[in-house]
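*Asks:* A single structure is presented below for examination.
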């Protein structure tokens with residue numbers, strides 16, 4: 001049998017190679033690089049095709065496709081969210097993604113995105129914090145200490161200078177895990193018995209929980225003036241973390257309103273509830289934080305352009321290294337019109 005041609009081969013980044021890539025560069029450098037790619041793409045937001053992600057919900061969780069494209073490339077991510085998975089040894093979130101050439105339709109990258117999604121989510125949070133967090137912020141409360149926790153902490157350190165953390169999770173083992181990992185990374189960590197205790201003295205509050213059953217992680221009385229809330233756990237209909245009174249007092253910033261109104265914290269509010277789109281803040285077209293006492297809220301649900309940015313970054317990052325392999329996943333007959341002949345000649 002003949003060997004596949006170059007047109008048949010697509011660069012593939014496995015989990016092992018993604019870990020090699022991240023650790024060779026350093027997680028904080030990767031987070032900083034991802035933030036730069038995301039910011040660059042947000043600043044050219046009108047150039048992208050945009051649509052809310054396509055979601056298939058079941059009693060156990062959700063499976064989603066997240067597509068977008070600019071004039072040169074098309075990208076999509078397959079991702080699930082199954083909160084009960086951890087009880088049986090599975091990840092709550094897994095993902096993979098593809099970047100393709102718009103000109104030919106041929107894929108130019110296939111990659112794992114479970115690790116990459118954790119990195120891009122954190123990079124987006126830290127990037128937004130750079131625009132919205134109060135000046136001189138030093139302490140972040142992390143409510144929800146699961147798989148995303150450490151990535152968020154690293155992103156806020158590299159992008160916002162945060163090195164003091166107050167952790168709480170309804171599962172003490174999750175907090176102990178996060179505290180152990182984060183102290184090893186040089187963070188000053190306080191483990192807190194309640195969410196109320198965790199937010200005391202924090203200028204940034206990150207909520208990062210997974211289960212729909214805990215719809216009020218942060219109540220109105222826990223949020224004082226001048227804080228920035230990074231709400232990243234709400235990401236589907238019926239799943240929220242914040243009491244709605246907080247939204248009424250806050251300046252709310254979102255990625256893509258048609259998706260956030262379905263999945264984010266603002267699903268609790270009227271359809272005309274005012275929000276500010278982050279791409280406009282990053283362009284300087286509208287202000288971000290305008291007052292030291294202002295409560296800013298990033299109602300994060302994750303949008304496809306962030307994944308597109310992450311795919312672009314990986315595609316660029318692997319060019320001069322060996323953190324990928326080539327997969328024969330595209331049929332490439334000698335005559336493009338004779339796919340059947342290719343099949344019969346393979347016997």
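*Asks:* Based on what the data block shows, is residue 165 more than 14 Å from the chain's Cα centre (by Cα), touching a residue at least 40 places away in the same chain (Cβ under 8 Å) and either buried (at least 22 other Cβ atoms within 10 Å of the Cβ) or not in a strand (DSSP E or B) (or both)?
*Replies:* No; evaluated as a whole, the condition is false for this residue.
*Asks:* A further question on this structure: If a residue has to be surrounded by fewer than 16 Cβ atoms within 10 Å (Cβ to Cβ) and modelled with pLDDT under 95 to count, how many in the stretch 1-50 make the cut?
*Replies:* Count: 7.
*Asks:* On the basis of being free of Cβ contacts under 8 Å to residues at least 60 places away in the same chain, under 21 Å from the mean Cα position of the chain (by Cα) and not assigned by TED's automatic domain parsing to the domain that holds residue 221, does residue 338 make the cut?
*Replies:* Taking the combined requirement at face value, the residue does not satisfy it.
*Asks:* Something else: Consider the stretch 127-147. How many of its residues are closer than 19 Å to residue 182 by Cα and touching a strand residue (DSSP E or B) at 6+ places or on another chain (Cβ under 9 Å)?
*Replies:* So the answer is 9.
*Asks:* Quick check on this structure: which one of 254, 281, 286 is without any contact (Cβ under 8 Å) to a residue 12 or more places away in the chain, in contact with a strand residue (DSSP E or B) (Cβ under 8 Å, 6 or more places away or on another chain) and not assigned by TED's automatic domain parsing to the domain that holds residue 43?
*Replies:* Every option except 286 fails the conditions.
*Asks:* List the helices (runs of 4 or more DSSP H) that sit entirely inside the stretch 214-321 and contain at least 1 residues that are closer than 24 Å to residue 35 by Cβ. Give the steps one after another, and end with the answer.
*Replies:* Numbers: elements: 244-249, 257-263, 278-283, 304-317.
Hits in the stretch 214-321: 257-263, 278-283, 304-317.
*Asks:* May I ask you to list the residues in the stretch 313-325 that are in contact with a helix residue (DSSP H, G or I) (Cβ under 9 Å, 6 or more places away or on another chain) and in contact (Cβ under 8 Å) with a residue 60 or more places away in the chain?
*Replies:* Those that are in contact with a helix residue (DSSP H, G or I) (Cβ under 9 Å, 6 or more places away or on another chain) and in contact (Cβ under 8 Å) with a residue 60 or more places away in the chain: 313, 314, 317, 318, 321, 323, 324, 325.
*Asks:* Report those strands (runs of 3 or more DSSP E) wholly inside the stretch 23-119 carrying at least 1 residues which are free of Cβ contacts under 8 Å to residues at least 24 places away in the same chain. Break it down stepwise before answering.
*Replies:* On the way: elements: 54-57, 62-69, 73-81, 95-101, 107-112.
Output list reads 54-57, 62-69, 73-81, 95-101.
*Asks:* Related question: Can residue 153 be described as under 14 Å from residue 137 (Cβ atoms), free of Cβ contacts under 8 Å to residues at least 40 places away in the same chain and not in a strand (DSSP E or B)?
*Replies:* yes
*Asks:* Which of (1) closer than 28 Å to residue 203 by Cβ; (2) touching a residue at least 24 places away in the same chain (Cβ under 8 Å); (3) not assigned by TED's automatic domain parsing to the domain that holds residue 109 does residue 262 not meet, given it meets every other one?
*Replies:* Of (1) closer than 28 Å to residue 203 by Cβ; (2) touching a residue at least 24 places away in the same chain (Cβ under 8 Å); (3) not assigned by TED's automatic domain parsing to the domain that holds residue 109, only one is false for residue 262: (1).
The values are calculated or read from the model by the stated rules, or taken from the named source; none is laboratory data. Treat the numbers as computed from the prediction; the structure is a model and nothing was measured. Note that each Cβ is placed from the backbone with ideal geometry, even for glycine, and that neighbours are counted across all protein chains shown.
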